[in-house]
Amino acid sequence: MISLLKRLSSIRLTLLWMALLGVGAALSYDNPVDTPAWVLVVPLVLLAINLLAAIITNPSINRRGGLLIFHVALLGIVVLVAFGRLTHMEAHLEIVEGTGFDTDQLIDIRRGPLHSGKLDQVQFIQGPYTVNYRPGMVRGLTHSHVQVPDGSGGWERKVVGDDRPLVLEGYRFYTTFNKGFAPVLTWMPNRGRVETGTIHMPPYPLFEFRQANRWTPPTATEEIKFWLQLETGMDPESAWVLDAAQSRGTLVVRAGERRVELQVGETVRLQNGVLKYERLSSWMGYKLYYDPTLQWLFLTAMIGVLGLAIHFWRKFAAYPWPQQTSGDEKKTQMPGHPRGLNVALSGLAMKAGRSERE
Amino acid sequence: MVAEQPWLYTAMAAYALATVIAIRGIVRARGGAVGAAVNRSYEPLVLGLISAGVILLVMALTERWIRIGHGPFVNLFELLMSQLFSLGLVLSVVYWRLPVIRPAVIVVLPMMWVLGIWVLLLEPTASAFPPTYYNKWLWVHVGVGKFFLAFSLMGSGVAGVILLRKISRLAPLFRHMPPDSVLDHVAWRFMLLALIFESLMLIAGAVWAQDAWGRYWAWDALETSSFLNWLLLGAAIHARLTYRIPIHIGAIAILGIFVFAFMTYFGTPFFSEAAHKGVI
């Protein structure tokens, strides 16, 4: 068994698997769709086996505290990354101002086979948001206001955006550049129930000139086309703030041959009922990310580097940097010799040799 | 001419003068009897000029910060200027604390001149600070990354001396330095320090990426390149500690690792519009 482990711990194999991992990393550059995950998984598994065998059998590692910590941490990182991929979840969602988070809003869902978080317990209500723009339409800071449960039956206000995600039950919600407007409409059919809802317009200002969407009311046969003419104060040449509360929008409604421009509060009678333009609202696009290993990964990596630093610190203290004495007697202290070896710098025949393997 | 340029030009002049005086001093000291005292009177001047260059670059960076409203984190002009500052700072400390390897400065400074000439050819255009760059981990990531590059450069300077000694006409320039076996140890010691700081750079970068873009690793241009650099450095250290690699081969490996790091830092902007393309 020990003999097998020693073979598996070979440094030649370490270098070979490292080279293989390098190839896998190069192939994974920019996440090309045609590169399978095994180009990384196979070398990582081989390196993990090699590392585990070396930790068990190699006294150069397991008898040196700092080095042992570093190598165990490397192994820990591989295990944690693998566990993270099995339990992770990623998705996107668009949520309208004034509405609460619902798992039905999630799109582009990707999750590991062992994912089992408490997403059904996540609650927050989307509030208004602002996005600062610099001259030249360069996006600046996003401030997205949300309300989250305060733990005592009430709601607590929070501001998230850019590098400040909303973290609830381990799920991290990141604002994205994907955001826009959503006119709130009430549909009063000739027969049936009155309904109020929103029409999501395409992202703004990315699709400034394509703020259009279409909808067929329930029980109706005629499709309604919407076009939103916005006044947001946008000025490509100077700094401005995208703020739905300060924006106005004229809703152009087309049904059949009919074309009507609606202001907030106005209605239009169509073939199957009456449509009312209640107000202009907004929506924010979030990226959802869940990985229960994040804090452990960070902790393990830091402990590993600390172990390596302790190992080098001890080595450097035992074998000092070469020092030269002042004056005419130029001497160099050799690294690799614990008590130092003073040798004349110029011309003395010197057989320094290599130090023991560090 | 914008506010930071006079400081930058003066700093580059200080680095240039340090290079010239160091080369002149080392060339003059190449002769002399074996065991005789070496004239090192030029060394304080070289140290003073490198330190002056560092201080002048601090002024240039401060002027630019005031002018454009953010630190040197975005475009190539400010990244190069910032690297010239941090490389100069680490070089001045190493030059001060490790007198035996001082002649290696004539290898290190010309390497820095690649950056120096490059920055002088660029327009000092203002850059827009991306919203994801307000994160405090950016500072940690960039800060430890600077030490990684600086220690790689120091290792490469010493490795360069080992290789230049193979050229018979240049060997006398470095005859007052320790033998190759000692320089080999020193060069690899710098690379061990580089490994620690590169590991920290990757960790801090991953924390920043998680906060900024909702993922800690995505194999973008810089992430892939810096991971390959870490792997290369780790493999080279394993090989150096396990096998009896000839000293000059080890020196070539160190230079190769530095060139890779250099390409990671400064080559990526050729094919990536921002430090992490597409995610700002």
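The values are calculated or read from the model by the stated rules, or taken from the named source; none is laboratory data. Since the structure is predicted, the reported quantities are computational estimates derived from the model, not experimental observations. Note that each Cβ is placed from the backbone with ideal geometry, even for glycine, and that neighbours are counted across all protein chains shown. Just the protein is used for accessible areas: all its heavy atoms, side chains included, with ligands, DNA and RNA removed. Shrake-Rupley method; radii C 1.70, N 1.55, O 1.52, S 1.80 Å.
With all pairs of different alpha carbon atoms counted, what Kirkwood hydrodynamic radius in Å does segment B:133-280 show?
Value: 16.3 Å, from the Cα pair sum.
Compute the helix-to-body angle for A:65-87: its Cα long axis versus the longest principal axis of chain A, expressed 0 to 90° and rounded to tens.
20 degrees
Select from B:Trp188, B:Tyr133, B:Ser168 the residue farthest towards the positive end of the dipole of segment B:133-280; place +1 on Cβ of Lys and Arg, -1 on Cβ of Asp and Glu, and compute about the Cα centre.
In segment B:133-280, that residue is B:Ser168.
So what J values fall out for segment A:295-305 if you push phi through Karplus, 6.51 cos²θ - 1.76 cosθ + 1.60 with θ = phi - 60°, rounded to Hz, Gly and Pro as x?
Karplus-based 3J(HN,Hα) across segment A:295-305 equals 5, 5, 4, 4, 4, 5, 5, 5, 5, x, 5 Hz.
From the residues A:Trp215, A:Thr267, A:Asn190, which one has its Cα farthest along the dipole of segment A:180-280 in the positive direction, the dipole being from +1 and -1 charges on Cβ of Lys/Arg and Asp/Glu about the Cα centre?
A:Asn190
Given just the C-alpha atoms of segment A:180-280, how large is their convex hull per residue in cubic angstrom?
In segment A:180-280, the Cα hull volume divided by residue count equals 90 Å³.
If you split all Cα-Cα distances of segment A:92-178 into 10 Å bins from zero, what percentages do you get per bin, shortest first?
14, 47, 28, 9, 1
Taking only C-alpha pairs under 8 Å that are 6+ residues apart, what is the relative contact order of chain B in percent? Could the numbers behind the result be given before it?
On the way: 340 pairs, mean separation 53.8, N = 280.
After rounding, I find 19 percent.
What number comes out for the charge environment of A:Gly256, summing +1 per Lys or Arg and -1 per Asp or Glu over other residues with Cβ under 15 Å away?
Computed value for this residue: +3.
Could you work out the local net charge near A:Val184, counting Lys and Arg as +1, Asp and Glu as -1, over the other residues with Cβ closer than 11 Å to its Cβ?
Every neighbour counted, the sum reads 0.
Helix A:11-27 versus the longest principal axis of chain A: what angle, 0 to 90°, nearest 10, using Cα atoms?
20 degrees
Report, in deg cm²/dmol and to the nearest 500, the calculated mean residue ellipticity at 222 nm for the protein assembly as shown, where each DSSP H run with n ≥ 4 adds -39500 (n - 2.57) and the sum is divided by the residue count.
Theoretical 222 nm ellipticity from helices: -15500 deg cm²/dmol.
Could you work out the relative contact order of segment B:76-174, using alpha carbon pairs under 8 angstrom and six or more residues apart, expressed as a whole percent?
This gives 43 percent for segment B:76-174.
Compute the separation of the alpha-carbon centres of segment A:247-288 and segment B:96-145 and state it in Å as a whole number.
55 Å
Compute the Cα gyration tensor for segment B:1-125, then decide on rounded, prolate or oblate, letting a ≥ b ≥ c be the square roots of its eigenvalues: rounded whenever a/c is under 1.5, prolate when a/b is larger than b/c in the other cases, and oblate in all that remain.
prolate
Could you give me the radius of gyration and the Dmax of the protein assembly as shown, taking only the C-alpha atoms into account and expressing both in angstrom?
30.9, 111
Among A:Pro292, A:Val81, A:Gly151, whose Cα projects farthest towards the positive end of the dipole of chain A, with charges put on the beta-carbon of Lys, Arg (+1) and Asp, Glu (-1)?
A:Val81
Using C-alpha positions alone, give me the convex hull volume of segment A:49-108 per residue in cubic angstrom.
Here the figure is 115 Å³ per residue.
Viscosity 0.692 mPa s, temperature 37 °C: give me the Stokes-Einstein translational D for chain B in µm²/s, with Rh taken as the Kirkwood radius over C-alpha pairs. Don't jump to the answer; show the numbers that get you there.
Details: Rh = 19.7 Å.
Approximately 167 µm²/s, per Stokes-Einstein.
Using a 1.4 Å probe on the heavy atoms of the protein chains only, list every residue of segment A:4-49 that has 40 Å² or more less accessible area in the complete assembly than in its chain alone.
A:Ile11, A:Leu15, A:Met18, A:Ala25, A:Tyr29, A:Asn31
Can you list which of the trypsin sites (Lys or Arg not before Pro) found in segment A:208-266 are DSSP loop residues with at most 15 other C-beta atoms within 10 Å? Numbers along the way, then the final one.
Details: sites: A:Arg210, A:Arg214, A:Lys225, A:Arg248, A:Arg254, A:Arg258, A:Arg259; in loops: A:Arg210.
Listed in order of number, the matching sites are A:Arg210.
From the protein chains alone at 1.4 Å, what is the descending order of accessible area for A:Ser9, A:Ser3, largest first?
Ranked list, largest accessible area first: A:Ser3, A:Ser9.
Do me a favour and compute the ellipsoid semi-axes for chain A from its Cα gyration tensor, root of five times each eigenvalue, largest one first, whole Å.
64, 25, 19
So for the pair B:Met1, A:Trp155, with labels modelled 7 Å out along Cα→Cβ, what separation do we get in nm?
5.9 nm
Please give the residues of segment A:171-188, grouped as numeric ranges, whose backbone N is less than 18 Å from a label point set 7 Å along the Cα-to-Cβ vector of A:Arg258.
Correct set: A:185-188.
Exposed loop sites here are chymotrypsin sites (Phe, Trp or Tyr not before Pro) in DSSP loop states with at most 16 other C-beta atoms within 10 Å. What is the longest stretch of chain A lacking them?
A:30-206
So, for segment A:92-178, what is the accessible surface per residue at a probe of 1.4 Å, expressed in square angstrom? Let's see the in-between values first.
Details: 4500 Å² over 87 residues.
For segment A:92-178, the per-residue accessible area is 52 Å².
Might you report the magnitude of the Cβ-based charge dipole of segment A:69-186 about its Cα centre, with Lys and Arg at +1 and Asp and Glu at -1, to the nearest 20 debye? Show your work: numbers first, answer last.
Working: 11 positive and 12 negative charges, 78 e Å.
Approximately 380 debye in magnitude.
Measure nothing but the geometry: give the 0 to 90° angle between the long axis through the Cα atoms of B:247-262 and the longest principal axis through the Cα atoms of chain B, rounded to 10°.
Around 30 degrees separate the two axes.
Could you give the nm distance between label points at A:His115 and A:Thr186, where each point is 7 Å from its Cα heading toward the beta carbon?
About 3.9 nm separates the two model spin labels.
Rounded to the nearest 5, what % of DSSP beta bridges with both residues in chain A are antiparallel?
100 percent
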